[in-house]
1. If you scan region 119-167, which residues turn out to be of a type outside the set (A, V, I, L, M) and more than 20 Å from Gly250 (Cα to Cα)?
2. If we scan region 40-61, do we find a residue that is under 30 Å from Gly184 (Cα atoms) and either exposed (fewer than 10 other Cβ atoms within 10 Å of the Cβ) or modelled with pLDDT of 85 or more (or both)?
3. Name every residue in region 204-223 that is in contact (Cβ under 8 Å) with a residue 24 or more places away in the chain, over 20 Å from Ile167 (Cα atoms) and either touching a Leu at 6+ places or on another chain (Cβ under 7 Å) or in a loop (DSSP other than H, G, I, E, B) (or both), in order of residue number.
4. Could you tell me which of the residues Ala151, Ala120, Ala165, Ala107 is outside any helix (DSSP H, G or I) and small (Gly, Ala, Ser)?
5. Would you point out which residue out of Ser34, Ser53 is within 22 Å of the chain's Cα centre (by Cα), among the polar types (S, T, N, Q) and either in a helix (DSSP H, G or I) or more than 19 Å from Gly235 (Cβ to Cβ) (or both)?
6. Scan Gly89, Gly30, Gly97 and give me the residue that is farther than 29 Å from Leu227 by Cα, among the small types (Gly, Ala, Ser) and in contact (Cβ under 8 Å) with a residue 40 or more places away in the chain.
7. So which of Ile273, Ile180, Ile195 is outside any helix (DSSP H, G or I) and more than 13 Å from the chain's Cα centre (by Cα)?
8. Residues of region 184-203 being crowded, with 17+ Cβ neighbours inside 10 Å and touching a residue at least 60 places away in the same chain (Cβ under 8 Å), which ones?
Amino acid sequence: MSPPCRGVWIEEFFGLMRAFFEKIGYETLGFLESSGRLGLFLVRTVKSLFTSSFKLHPVLRQVHFIGARSTFVILFTGLFTGMVLGLQGYYTLRKFGSEGFLGSAVALSLIRELGPVLTALMVIGRAGSAICAEIGIMRNSEQIDALECMAIDPFRYLISPKLLAGIFALPLLTAFFDVIGIFGGYLVGVGLFGINAGTYFQGMYSSVVWADVEMGLVKSLVFGLLLVWITACKGFYLHLERSGGFGAEGVSRTTTDAVVLSSVSVLVWDYLISALMM
C-alpha cells in the first residue's frame, strides 16, 4: 500500500471512530436529559398535590376514564388468562400426580405476578396511549401555554388528577383481574377436567397468604404511578423530545415511545419489587 493510500485509509478510520463516539455521546446526553426531565416532572406533579386546593371531580372523571372504561378489557383478559393457566397448570401438575394443587398454582401466579403486570400493560395500551396523545395535542395546539398565561398550574389542572386516578384505579382493576382469572381457572379445572371444587379452593386457601396479596398490591400501586407518570411526561414535553416534534407525526411517535417505555418500565419494576419482597 502506497503512503498516500495508507494516509487516506487512516483518516477514514479515525473519522468513523469519531462519528461512532459522537453518536454514543449524543445518545448518552439524550438519555440523561430525558431521565432528568422525567424526575423533575414527577417532583412538580407531587408538589402540586400539596401546594394548592384540590377538587374531587377531575379525579373522579379520570378514575372513570382510566378505571371504569378499562373494566371490560381487564375482565376479558383476566378470564382467558386464568383459563390458560388452568389448562397448562393441569397438564403440568398431572405429570406429578398433583392436580389438587391447581387452585394454588392459578391463584399464586395471578396474585403475585400476572395480575398486576397484565393489568398494567392493558391499561397502558388503552388509557396510557390516550393520556400521552391528549396532552401532546394540547402542547401542539398551545393549550398548555395558554393555561400558563392565565396563571393556571398545568400540573395541578392536568397531571395530578390523572396521577391520583391511576394510583387508585390500578389496584381495583388488578383485583378484578385476579378474581375473574381464578374463576377462569375454576372453569377449566373443575368444569373441563373434573377436579373437585373443594380441592381447588382449599388448595388456594391454604397456600395464599397476606404476603402474596401485599406484593400484588404494591406492584399495582407502583405500576399505576409509572404508567401515568411516563405517558403524561412524554406528552407534556412533546416539543423537547428528540424523536417527536410538532405535528401529527410528532404526536404519533411520542405516543409510541411512551407506550414502549412505560411497558418496559413495568417489567423492570416487576422484577425489582419481586426481588425486594421475596
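1. Thr119, Glu148, Cys149, Asp153, Pro154, Phe155, Arg156, Tyr157, Ser160, Pro161, Lys162, Gly166
2. So far as region 40-61 goes, no, none of its residues is under 30 Å from Gly184 (Cα atoms) and either exposed (fewer than 10 other Cβ atoms within 10 Å of the Cβ) or modelled with pLDDT of 85 or more (or both).
3. Ser207, Val208
4. Matching residue, one of Ala151, Ala120, Ala165, Ala107: Ala151.
5. Going through Ser34, Ser53 in turn, just one is within 22 Å of the chain's Cα centre (by Cα), among the polar types (S, T, N, Q) and either in a helix (DSSP H, G or I) or more than 19 Å from Gly235 (Cβ to Cβ) (or both): Ser34.
6. Only one candidate qualifies: Gly89.
7. Criteria check complete, one pass: Ile195.
8. Of everything in region 184-203, those that are crowded, with 17+ Cβ neighbours inside 10 Å and touching a residue at least 60 places away in the same chain (Cβ under 8 Å) turn out to be Gly184, Gly185, Tyr186, Val188, Gly189, Ile195, Tyr200, Gly203.
The values are calculated or read from the model by the stated rules, or taken from the named source; none is laboratory data. Model, not experiment: these values are computed from the prediction. Methodologically, a virtual Cβ is constructed for each residue, glycine included, from the backbone with ideal geometry; neighbour enumeration extends over all protein chains shown.
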